[in-house]
Amino acid sequence: MNPDQLIQRYQELQKWIGWTPEDAERARSLTPVLEPILPMLVEDFYAELQHHPPAARVITGGEKQIERLKLSLIGWVRDLLSGDYDREYLLRRWRAGHRHVEIQLEQTFANAALGRLRRLMLEQIQKVWCDEPERAILASRSLSMLLDLDLAILGDAYHTEHMQRLQRQERLAAIGQVAGGIAH
């Protein structure tokens, strides 16, 4: 998907779910709430990954790769809470989704992983703002919408790559049939 189409699609999805500038502000306000648990989120994420061999098999570079990925995940969460959902943000998200496809991580596991991160982040919001239930509810809603938007980008990346692979296979099969037909 070209960047202009991606931006247009993202803006359409924002309208669809009711995303507002206030939601972006609430997401930004979550940084001090969630920053303290980032190391725990990351450790939990990679500990859980080890319990799911179909997902864990994409980690082929051992501990060195895992350490890089942990830093990448922290950056991903910080980016999520930045409040700046511009062209560059979308391109970073798209590339992350595309990378998941390249390493052949099943989309189901990527979705479940995001669900796990969502749960842990929402628990932290409820804990920190337990005396401010309305603030916690609004911030939780904004975070959930933002994560849903990320899931949509991820889904688009998977779908686009899947379709491109099918088209490549069809072209290769057609070339093989033509070449095979000529040889006979």
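Answer with yes or no whether GLN11 is among the polar types (S, T, N, Q), assigned to a helix (DSSP H, G or I) and more than 19 Å from ASP150 (Cα to Cα). The answer is no for GLN11.
Every condition in (1) of a type outside the set (A, V, I, L, M); (2) over 22 Å from GLY75 (Cα atoms); (3) surrounded by fewer than 18 Cβ atoms within 10 Å (Cβ to Cβ) is met by ARG87 except one, and the failing one is (2). Whether a residue is part of a helix (DSSP H, G or I), under 24 Å from GLU35 (Cα atoms) and hydroxyl-bearing (Ser, Thr, Tyr) was assessed, and SER140 passes this test. Just to be sure, is ILE175 at pLDDT 80 or above and open to solvent by 60 Å² or more (accessible area, probe 1.4 Å)? Considered against the rule, which asks whether it is at pLDDT 80 or above and open to solvent by 60 Å² or more (accessible area, probe 1.4 Å), ILE175 comes out as yes. Restricting region 34-81 to residues that are hydroxyl-bearing (Ser, Thr, Tyr) and assigned to a helix (DSSP H, G or I), the residue that is surrounded by the most Cβ atoms within 10 Å (Cβ to Cβ) is TYR46.
Flag: GLY97 does not match the condition of being open to solvent by less than 30 Å² (accessible area, probe 1.4 Å), touching a residue at least 24 places away in the same chain (Cβ under 8 Å), within 22 Å of ALA24 (Cβ to Cβ) and more than 12 Å from the chain's Cα centre (by Cα). Using beta carbons and a limit of 9 Å, which pairs, at least six apart or on different chains, have the first residue in region 10-34 and free of Cβ contacts under 8 Å to residues at least 60 places away in the same chain and within 24 Å of LEU73 (Cα to Cα) and the second one in a loop (DSSP other than H, G, I, E, B) and open to solvent by less than 60 Å² (accessible area, probe 1.4 Å)? Correct list of pairs: GLU25/GLY83; ARG28/LEU81; ARG28/SER82; ARG28/GLY83; THR31/LEU81; THR31/SER82; THR31/GLY83.
The values are calculated or read from the model by the stated rules, or taken from the named source; none is laboratory data. No experiment lies behind these values; they were computed from the predicted model shown. So basically every Cβ, Gly included, is an ideal-geometry build from the backbone, and we count neighbours across all protein chains shown. When the accessible area is computed, the model is the full protein with side chains, heavy atoms only, and any ligands, DNA or RNA have been set aside. Shrake-Rupley method; radii C 1.70, N 1.55, O 1.52, S 1.80 Å.
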